[in-house]
Amino acid sequence: MQKKEMFSYRTDIDGLRAIAVLVVIFFHFGYLTNGYLGVDVFFVISGYLITKIIYQEAGENNFSIFNFYLRRIRRIIPLVLFIIIVSLIIGVIVMLPDDLENFAQSIVATNFFSNNILQLITTRDYWNIVNEYKPLMHTWSLGVEEQFYFIYPILFLILGNRKKLKYILPSLIFLSSISLFLFLFYSDANAKFYLIQYRFWELSLGGIGAILTNKKEINAKFKFVFIILLLLLFFIDISNELKILFTVISTLGILLLNKNQDKFSVFILENKILVLIGKISFSLYMWHQVILAYYRYVISNTISLTAFFLLLGVIFILSLFSYHFIEEIFRNKKKISVKSLFVIVITASVCTTLSSLYIYKIGGVIHDVPELEIRKDNAKRNMHALYNDRIYEMDKAFTSQNNIKILVIGNSFGRDWANVLLESKYANRIEISYVSDIYNCKDINERLKVADYIYMAESDKIVSKYDLLKIIKEFNMDFKKVWIIGTKNFGKNNGVIYNNKGESDYCSQRIKMNDGYIEANNRMKSKWKDKYIDIIGLVIDKDGKVPVFTPDCKFISQDCAHFTHAGAVYYANLIEKVIIIK
């Protein structure tokens, strides 16, 4: 392995790796909108280099699937496990229960090469702001690569001899065509981002390029064109599919043109600084998100220019350390034998997995958190979600003869409002009927007819899932009964608030809402006028900030969007001054 890698070593590929990792890092800093394309560059490089090695081995009747996986383990797993251990220790110290529970999930998923699947199931949208606070969010790409490594060698195992080797290229072209077709025409953008079937073509095209140019040198006279195109893609605004497609083409062009490189290409890709960065690119990739996530979680939601340079320095120092003392050592079979490798990897995997499963089982509650009304001795998983979800039990027709009948329509924000009403002074005088999807409620007309009050949740910061005005007219609602529940937000994440515990103003901290919420709230107020219940307006100050704690120092929201029990009680007291239920 080492001889083949040394024989085929190209400094320009390390330069390309450097560009890829740097744009990803700048993207996660928030400075380069298209920087996520660096991952696509890595995919193509990986497919190219892996195929170059195993295709040559197959041609020599020397391909071993065991040796293939052994090389992958040496290359990837030790560093990933080290990062997981460090991240877990920090997380146990600084994270709130919900965040620690979610982090524990991602550790298990990462250990089983499936964090891409977990991300799709949980947050779905890669650009969701909550991902900024996830130390292992970036291991989704490792999940895609490792799943590719499970599929790809099977092809060579079946066709990996001289007689059948000619069938590998058409097989790869066929599989790549199917994957590319799915990528271009499947409608679920989130699934296309995370899942291997929509990403397979990126890695396999690198492999196709490696086979087509096997033992060949192609004149690199116009290599600079592909480099310029790739650099432009990090800044231009076109559809995501086109950006990824052209990124793959540009990267493949750079990889295939390897002879007589022009001066521009040599200057860009083979200068000593980029080559060094390329060598440590895996460590840089693994460390950067961990450092950024914990900085945002513990120190500040925003990254100043000074903080940018300091964090970048820390990332590079840690990466140099892990490259020399983890990556290089574990890749060297003279320093780490196969037996030692498996003992270390299996032990670390089992320990981190079992620890994470335990943390997940106890809901991330390692210690008491009075601000969330959580004690270690009585904690249970999803207690805040369960508090919100209890309203589902009220999805039924009204039964009371004497109580005031209140119909709540909407999603989790509607359930929040129902909890506020149940914590208010009106609780003993009202009966709540809840509907999450008005179009799938068989007895909705009867509930609307007998309801004394109808509350509808306007939950999204930009626009509702449904047009509420259209629904009101479509179901012939009595507009006198109807009230619109406003949107709300309490910042990006409570971590930075919680880790400010030593400050004298801890319980009186206020925070700016996420971008767009104040503007959306003002639009809805203008639209609904006196029928609008302004949740934000009840607490916002002249500086545009909202509180994160109740007067008795309890978090209003555990996830910056939905009410805790204390938050519902707090708002129940506020609405009693402005909402009259007769």
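The values are calculated or read from the model by the stated rules, or taken from the named source; none is laboratory data. Only a predicted model underlies this, so the values are computations on that prediction, with no experimental measurement involved. All Cβ positions, even for glycine, are placed from backbone atoms using ideal geometry, and neighbour counts span all protein chains on display. Quick note on the areas: whole protein, heavy atoms, side chains included, nothing else; ligands and nucleic acids left out. Shrake-Rupley method; radii C 1.70, N 1.55, O 1.52, S 1.80 Å.
How high is the FRET efficiency between Asn382 and Asn445 when r is their beta carbon distance and R₀ equals 51 Å, given to the nearest 0.05? About 0.90, to the nearest 0.05. The gain in end-to-end length when the Glu519 to Tyr31 segment is fully stretched comes to 173.3 nm, 0.36 nm per residue minus the alpha carbon separation.
The modelled label-to-label distance between Thr399 and Asp368, using points 7 Å beyond Cα along the C-beta direction, is 3.9 nm. When both region 494-558 and region 402-459 are represented by their alpha-carbon centers, they are found 24 Å apart. Taking 7 Å steps out from each Cα toward its Cβ at Asp478 and Tyr358 produces label points 5.9 nm apart. Paramagnetic label reach from Leu469 (point 7 Å along Cα→Cβ; backbone nitrogen cut-off under 19 Å): within region 491-527, residues 519-527.
Here Lys164 is the anchor, and the aspartates and glutamates within straight C-alpha reach of less than 13 Å, apart from those fewer than 8 places off in the same chain, are Glu60.
Here's the list of aspartates and glutamates a cross-link from Lys488 could span, going by alpha-carbon distance under 15 Å and ignoring same-chain residues fewer than 8 apart: Asp416, Glu458, Asp460, Asp515, Glu519, Asp534, Asp541, Asp559.
In this structure, Cys507 and Tyr9 have a Cβ-Cβ separation that, at R0 = 56 Å, corresponds to a calculated FRET efficiency of about 0.45.
The residues packed around Asp543, meaning those with a beta-carbon under 10 Å from its beta-carbon, carry a net charge of +3 if Lys and Arg are +1 and Asp and Glu are -1. Taking every DSSP beta bridge that has both ends in region 363-501, the antiparallel portion is near 5%. Each peptide in 180-191, 287-298, 24-35 gets a packing score, the mean of other Cβ atoms within 10 Å over its residues, and the list from highest to lowest is 287-298, 24-35, 180-191. Any idea what angle helix 168-185 forms with the longest principal axis of the chain, computed on alpha-carbon atoms, 0 to 90 degrees, nearest 10? It is inclined by approximately 20 degrees.
Max-minus-min Cα coordinates of the chain on each principal axis give 86, 51, 42 Å, with the largest extent listed first. Cross-link reach is defined here as a Cα-Cα straight distance under 29 Å, omitting same-chain residues fewer than 8 places apart; for Lys339 the lysines meeting it are Lys3, Lys4, Lys52, Lys279.
Of the solvent-accessible surface of region 1-120, computed with a 1.4 Å probe and all protein chains present, 66% belongs to carbon and sulfur. The long axis of helix 412-423 is offset from the longest Cα principal axis of the chain by roughly 40 degrees. For the chain, the solvent-accessible area works out to 46 Å² per residue, with a probe of 1.4 Å and every protein chain left in place. The protection proxy used here, the mean number of other Cβ atoms lying within 10 Å of each residue, ranks peptides 562-574, 332-344, 84-96 as follows, highest first: 562-574, 84-96, 332-344.
When the listed pairs Lys134/Lys525; Lys166/Lys263; Lys473/Lys542; Lys542/Lys582; Lys442/Lys480 are checked against a 26 Å cut-off, the alpha-carbon distance exceeds it for Lys134/Lys525; Lys166/Lys263; Lys473/Lys542; Lys542/Lys582. Annotation: Arg124 carries an accessible surface of approximately 90 Å², with a 1.4 Å probe and no ligand, DNA or RNA atoms counted.
Return, ordered by residue number, the residues of region 185-228 whose backbone nitrogen is under 14 Å from a label point located 7 Å along Cα→Cβ of Ile178. So the set is 196-201.
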